[in-house]
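*Asks:* Shown below is the structure under consideration.
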Amino acid sequence: MPGQRLFLIIENPKERMTYTDLFEGMGFLVDAVPEGSDALTYVLSQKPAVVVADDSTPGFSALDFLKQAADSDIGVPKTIILTPDPVVDYAVSLIQHGAMDYLIKPVDLRQLELSVKKSLAAAISPLPAEKEKTVQHKAVQIITKDHRMENLLKLAARVADSSASVLIQGESGT
């Protein structure tokens, strides 16, 4: 971690300073901005180890950023999205497009620190998602009339293309 760059996109000055202090304490070189219109340009030129961004920052759309980064030469950086508005479908979409984590504000600083550490530890390829897929998955047909099983299959389909680890818990049976 020492000496690695972290790009912080946070509008609120107090939050920006708090997060900057946290990340500098972790050994990062922090570049913090109050708006996100030049986020992709910065990432392409500076290649930070991690991007932490508030999705409500003016001039910044997390989903657009991730999609544009995926189309670039460097691919999607390790990105953690902070949001005041938790929406499950949006969170799933962000994860499918390469976000490492999606945290709901107000963010616990220990949770944010852990998320950054986990992001750095993750062995994610810097290639865009479309370029790294080389294996085609064969479709499996499961026949069921149980609505819980149908919901489970829908959930699995929604997260199947994500690089995130997903744990689905419940009873096993035969």
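*Asks:* Can you pull out every residue in the range 75-97 that is in contact (Cβ under 8 Å) with a residue 60 or more places away in the chain, in contact with a Ser or Thr (Cβ under 7 Å, 6 or more places away or on another chain) and not polar (S, T, N, Q)?
*Replies:* Ile95
Let's see how each residue does on (1) more than 26 Å from Val166 (Cβ to Cβ); (2) among the small types (Gly, Ala, Ser):
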residue: Thr18; (1), (2): yes, no
residue: Asp31; (1), (2): yes, no
residue: Asp38; (1), (2): yes, no
residue: Leu44; (1), (2): yes, no
residue: Phe65; (1), (2): no, no
residue: Gln68; (1), (2): no, no
residue: Val88; (1), (2): no, no
residue: Gly98; (1), (2): no, yes
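*Asks:* Continuing with the same structure: Does at least one position in the range 18-29 carry a residue that is among the charged types (D, E, K, R), closer than 18 Å to Ser115 by Cβ and free of Cβ contacts under 8 Å to residues at least 24 places away in the same chain? Before you say what the answer is, go through the steps one by one.
*Replies:* Of the residues in the range 18-29, the ones among the charged types (D, E, K, R) are 21, 24.
Now restrict to residues that are closer than 18 Å to Ser115 by Cβ: 21, 24.
Subset that is free of Cβ contacts under 8 Å to residues at least 24 places away in the same chain: 21, 24.
Among the residues of the range 18-29, at least one is among the charged types (D, E, K, R), closer than 18 Å to Ser115 by Cβ and free of Cβ contacts under 8 Å to residues at least 24 places away in the same chain, which makes the answer yes.
Here, each number is a calculation from the coordinates, and none is a lab measurement. If you're wondering where the values come from, they're calculated on a predicted model, not measured in any experiment. Neighbour counts run over all protein chains shown; Cβ positions are idealised from the backbone, glycine included.
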